[in-house]
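See structure below.
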Amino acid sequence: MNLGVIVFPGSNCDHDCVHVLGEVLRQSVRQVWHKETSLDGLDAVILPGGFSYGDYLRTGAIARFSPVMGAVKQFASVGGMVLGICNGFQILLEAGLLPGAMLRNRSLTFICTDVYVGVENAATPFTGRCEPGQVLKLPIAHADGNYYTDDVSLSQMKANAQVVFRYCTADGAVTPEANPNGSLDNIGGITNADGNVLGMMPHPERCAEEVLGNEDGRLIFLSMIDALKKAKLQPKTVTA
């Protein structure tokens, strides 16, 4: 697979993603600078964590205007797989590729810790290696991870199975105490209506190899690779 990792000024998790995809999972991966305007030859794109443009104005608000985001929008519109992690999730929200917005954490402080998330939808291209209801232990590191949307949009998202991850306890109970940032309905990750764009606040790239003591994040990337391989094997539809 040919995978791309977008690099904005202020990105700081791009090398982590490149390492996991290239060195750990042995895929072809390249960094895509924010001024590039083409994603030709890529099978999937990742927007990594960090502080794009210093998080000035609002997290992701400036990055949405980067030249590369036009290409990302086009890529997603034709079914291309896009994963936004932490700041990448925030950018996807600001760009309108995902519904809702990010608010400051309920505590108004930066949070860096391991959390548990339950897999609400295991039938996405990003969670195919997971079981429904499986609990993953993943790290978070953010100050603006308090997801919010209006009641109508939330109902539509639930009906369309767009809520993919919810913060929970180690045994899978979705409780207020398990919610690290005040996120609406304990939401930790969502997809767009078509299911090819995922935004998640936890960092799967920080727990994807044995040396780190936790490989739960590996499931996200392996699921993506599985889905991409399956798509390549599908016969082309021929119209008369």
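The values are calculated or read from the model by the stated rules, or taken from the named source; none is laboratory data. The structure presented is a predicted model; accordingly, all values stated were derived computationally and were not measured. All Cβ positions, glycine included, derive from the backbone under ideal geometry; neighbour counts span all protein chains shown.
On the basis of being within 23 Å of residue 18 (Cβ to Cβ) and assigned to a strand (DSSP E or B), does residue 117 make the cut? So residue 117 does not fit the description; no.
Scanning the stretch 86-117 for residues that are over 21 Å from residue 205 (Cβ atoms) and either touching a Leu at 6+ places or on another chain (Cβ under 7 Å) or among the aromatic types (Phe, Trp, Tyr) (or both) gives 100, 101. Within the stretch 45-58, the residues that satisfy the criterion of being among the small types (Gly, Ala, Ser) and not in a loop (DSSP other than H, G, I, E, B) are 50, 52, 54. The criterion of being over 18 Å from residue 110 (Cα atoms), of a type in the set (Lys, Arg) and in a helix (DSSP H, G or I) holds for residue 230.
Filtered by the rule that a residue be without any contact (Cβ under 8 Å) to a residue 60 or more places away in the chain, surrounded by fewer than 23 Cβ atoms within 10 Å (Cβ to Cβ) and touching a strand residue (DSSP E or B) at 6+ places or on another chain (Cβ under 8 Å), the stretch 120-141 gives 131, 132, 133, 134, 135. Taking residues in the stretch 166-182 that are closer than 20 Å to residue 200 by Cβ and of a type in the set (A, V, I, L, M), and partners anywhere that are at pLDDT 95 or above and in a helix (DSSP H, G or I), the pairs with Cβ atoms closer than 9 Å and at least 6 places apart or on different chains are 170/178; 174/185; 174/186; 178/186. Being in contact with a strand residue (DSSP E or B) (Cβ under 7 Å, 6 or more places away or on another chain), at pLDDT 95 or above and within 19 Å of residue 143 (Cα to Cα) is a property that residue 43 lacks. How about the stretch 149-184: which of its residues are of a type in the set (Ser, Thr, Tyr) and part of a loop (DSSP other than H, G, I, E, B)? Matches in the stretch 149-184: 149, 169, 175, 183.
Residues that are farther than 22 Å from residue 97 by Cβ and touching a Leu at 6+ places or on another chain (Cβ under 9 Å) do not occur anywhere in the stretch 158-180. As a summary of the residue check, residue 86 satisfies the conditions (1) more than 14 Å from the chain's Cα centre (by Cα); (2) within 22 Å of residue 162 (Cβ to Cβ); (3) surrounded by 17 or more Cβ atoms within 10 Å (Cβ to Cβ) except for the one numbered (1).
If you take the residues in the stretch 20-44 that are without any contact (Cβ under 8 Å) to a residue 24 or more places away in the chain and part of a helix (DSSP H, G or I), which one is nearest to residue 209 (Cα to Cα)? In this case the residue turns out to be 23. Which members of the stretch 59-77 meet the condition of being outside any helix (DSSP H, G or I) and either under 21 Å from residue 22 (Cα atoms) or in contact (Cβ under 8 Å) with a residue 40 or more places away in the chain (or both)? Scanning the stretch 59-77 gives 59, 60, 66.
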